[in-house]
Amino acid sequence: MQVSGTVFAQHHSEQNHAHYVPPKDSLVSQKLAHWQDIKFGLLMHWGTYSKWGIVESWSLCPEDEGWCERRGPYAANWYEYKKAYENIRTTFNPTAFNPERWATAAKDAGMKYVVFTTKHHDGFCMFDTKQTDYKITDPKTAFSSNPRSNIAKEVFTAFRGKDFMIGAYFSKPDWHIPYYWDPYFPPKDRNVSYAPKKYPQKWQQFKDFTYNQIQELMTDYGKIDILWLDGGWVRPASTIDSTISWQRTIPYDQDIDMARIAGMGRRKQPGLLVVDRTVTGEFENYVTPEQSIPDSYMPIPWESCMTMGDSWSYIPKENFKSARKLIHTLVDIVAKNGNLLLNIAPSPDGDWHPEAYQRLQEIGAWLRVNGESIYGTKPVAPYRQKQWAYTGNGKTRYQTYLPTDQEAVPATITLNNVTQNKPTVKLLGYTKSLKASKTSEGLVVTLPEPARQLLATQPAWVFKLESAER
């Protein structure tokens, strides 16, 4: 991940969304509308790097940035480090790999789509590509003899079996193959190590390699709904926005012919959503703020990709966000017209931390009661105000209150921005209608004792308002 060095406080530092281009293909538009209705997905960063418990891929990048720092016995010499890193695969053997367990836990949590790392920037393929031997199914990789060694295929099949939309994460840059980091030209940074204009044949080899790998994913891995492309510095020079600091440092035109890739993808997978992250234009069907939530409602399709803990990739001791925090994050995002793609990193053994399963259970318990305020809804003005979030579905409105950790449940609560005339007010999870009276402050709702006891255990409180006029 990591487009620039900082976790973005505001997404406008990453790209300018004023130039979003809606899809023209009606099948893509339909799939995008469905994707916007399902709201909540799972992202998984998994590769050989999990064996060392380090940041995904970035320690190979010879930039002087905190997240690229090399550690361990090979750190002093980049060449030795890269050799040792690429040798991790000889001991990477995730024998506890059980994607059905993940799919069940994610479905029970209320997640409805998955995005899996088929290849990260380091170039190691978690699928059985024919383009390189640096892959999970190659005999040099410890896990290759396992009957489930084609990991991406197994993940996609397991999640498809639970009715998930399927997304393939794919890194455009590849720091393993000689067509990107040419061994004659040692890399200085994350970019291609030679000038593509000067060596057009080499760059064409890279374009063909990339196309062929994506073609394999679009052909041999069942129904794919989303092609989620990372590594936004691989882009045409014409798309570089000089007002954005990380884009200013891209030294070359790195055009990989997205029209050719997307055209092939949609021939193989009609309606395919293409997400060429941060490259504004026709091949970015939705935008992807990373580790951040926009300040306010955005009228275009978008998704915040965020970690459940602190790290994208597996670390032995992870600091997981509370279920309350994660539920508040989901409610906030949905009220601003977005989706939440929540990352969980599998371990080198092929399982998740126990706390990850626990968080998913808690989120699922809340969504089973309150999911109607999330799925299939649209944001309703004023979207977010103080501790309130506003969504709706047809004539039904939902006002969700996000209490602080220690906040006591009051005897009455005032709903503002009520547009319906004399609506009936219900509390999701509580069977009876609530008494409500209109005042100059808003709609004052009385919470009887049983309702208050219910809310005391709820991380977010959802009031459902239905108009008396049908």
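Could you list all residues from region 236-258 that are farther than 19 Å from Glu282 by Cα, surrounded by fewer than 16 Cβ atoms within 10 Å (Cβ to Cβ) and among the hydroxyl-bearing types (Ser, Thr, Tyr)? The answer is Ser242, Thr243, Ser245, Thr249. Looking at region 403-418, which of the residues that are over 21 Å from Thr446 (Cβ atoms) and of a type outside the set (Asp, Glu) is least open to solvent (accessible area, probe 1.4 Å)? Ranking the candidates gives Thr404 first. If you go through region 83-123 and pick out every residue that is open to solvent by less than 30 Å² (accessible area, probe 1.4 Å) and either assigned to a helix (DSSP H, G or I) or in contact with a strand residue (DSSP E or B) (Cβ under 7 Å, 6 or more places away or on another chain) (or both), you end up with 20.
If you go through region 142-174, how many residues are without any contact (Cβ under 8 Å) to a residue 60 or more places away in the chain, in a loop (DSSP other than H, G, I, E, B) and touching an Asp or Glu at 6+ places or on another chain (Cβ under 9 Å)? Don't jump to the end; show me each part of the working.
Of region 142-174, the ones without any contact (Cβ under 8 Å) to a residue 60 or more places away in the chain are 142-150, 154, 158, 162-163, 174.
In the following step, the residues that additionally are in a loop (DSSP other than H, G, I, E, B) were identified as 146-150, 162-163, 174.
Next, from what is left, pick out any that are touching an Asp or Glu at 6+ places or on another chain (Cβ under 9 Å): 148-150, 162, 174.
So the count comes out to 5.
Name the single residue, out of those in region 371-382 being in a strand (DSSP E or B) and under 22 Å from the mean Cα position of the chain (by Cα), that is surrounded by the most Cβ atoms within 10 Å (Cβ to Cβ). Per the stated criteria, the residue is Pro379.
Being of a type in the set (Lys, Arg) and either touching a helix residue (DSSP H, G or I) at 6+ places or on another chain (Cβ under 9 Å) or more than 24 Å from Thr95 (Cβ to Cβ) (or both) is the filter here, so list the residues in region 312-366 that pass it. Within region 312-366, Lys321, Arg324, Lys325, Lys336, Arg359 meet the criteria. Total residues in region 260-272 satisfying the condition of being of a type in the set (A, V, I, L, M, F, W, C) and under 16 Å from Gly222 (Cβ atoms): the figure is 1. Of the residues that make up region 212-223, is at least one farther than 28 Å from Ser29 by Cα and open to solvent by 10 Å² or more (accessible area, probe 1.4 Å)? There is no residue in region 212-223 that is farther than 28 Å from Ser29 by Cα and open to solvent by 10 Å² or more (accessible area, probe 1.4 Å).
Cβ-Cβ distances below 6 Å connect the following pairs, each with a first residue in region 69-80 that is part of a loop (DSSP other than H, G, I, E, B), a second residue that is at pLDDT 95 or above and open to solvent by 100 Å² or more (accessible area, probe 1.4 Å), and a separation of six or more residues or different chains: Tyr74/Glu80.
Go through the residues of region 388-401 one by one and say whether even a single one is at pLDDT 95 or above, crowded, with 20+ Cβ neighbours inside 10 Å and under 30 Å from Tyr314 (Cβ atoms). No, region 388-401 contains no residue that is at pLDDT 95 or above, crowded, with 20+ Cβ neighbours inside 10 Å and under 30 Å from Tyr314 (Cβ atoms). With respect to the stated conditions, Gly338 fails to be closer than 24 Å to Ala96 by Cβ, open to solvent by less than 30 Å² (accessible area, probe 1.4 Å), of a type outside the set (Lys, Arg) and at pLDDT 95 or above.
Residue count for region 124-134, restricted to those that are open to solvent by 30 Å² or more (accessible area, probe 1.4 Å) and either within 26 Å of the chain's Cα centre (by Cα) or at pLDDT below 95 (or both): 1.
If I ask for residues that are in a helix (DSSP H, G or I), of a type in the set (Val, Ile, Thr) and within 17 Å of Thr118 (Cα to Cα), which ones from region 212-266 would you list?
Selection gives Ile214, Thr219, Ile261.
For region 459-469, state whether one or more residues are touching a strand residue (DSSP E or B) at 6+ places or on another chain (Cβ under 9 Å), surrounded by fewer than 17 Cβ atoms within 10 Å (Cβ to Cβ) and at pLDDT below 95. Checked region 459-469: at least one residue is touching a strand residue (DSSP E or B) at 6+ places or on another chain (Cβ under 9 Å), surrounded by fewer than 17 Cβ atoms within 10 Å (Cβ to Cβ) and at pLDDT below 95.
Conditions (1) of a type in the set (Lys, Arg); (2) open to solvent by 10 Å² or more (accessible area, probe 1.4 Å); (3) in a strand (DSSP E or B); (4) touching a strand residue (DSSP E or B) at 6+ places or on another chain (Cβ under 9 Å), marked per residue:
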site: Cys305; (1), (2), (3), (4): no, no, yes, yes
site: Lys325; (1), (2), (3), (4): yes, yes, no, no
site: Leu342; (1), (2), (3), (4): no, no, yes, yes
site: Gly350; (1), (2), (3), (4): no, no, no, no
site: Glu355; (1), (2), (3), (4): no, yes, no, no
site: Ala365; (1), (2), (3), (4): no, yes, no, no
site: Arg384; (1), (2), (3), (4): yes, yes, yes, yes
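Scanning for something farther than 18 Å from Ile38 by Cα and without any contact (Cβ under 8 Å) to a residue 12 or more places away in the chain, does region 375-395 turn up at least one residue? There is at least one residue in region 375-395 that is farther than 18 Å from Ile38 by Cα and without any contact (Cβ under 8 Å) to a residue 12 or more places away in the chain. Set side by side, the residues Ser29, Ser4 differ, and just one is open to solvent by 10 Å² or more (accessible area, probe 1.4 Å) and either at pLDDT below 95 or at positive phi (or both), which is Ser4.
The values are calculated or read from the model by the stated rules, or taken from the named source; none is laboratory data. Keep in mind that this is a model prediction, so the values were computed, not measured. FYI the Cβ positions are ideal-geometry reconstructions off the backbone, even for glycines, and counts take in every protein chain you see. Quick note on the areas: whole protein, heavy atoms, side chains included, nothing else; ligands and nucleic acids left out. Shrake-Rupley method; radii C 1.70, N 1.55, O 1.52, S 1.80 Å.
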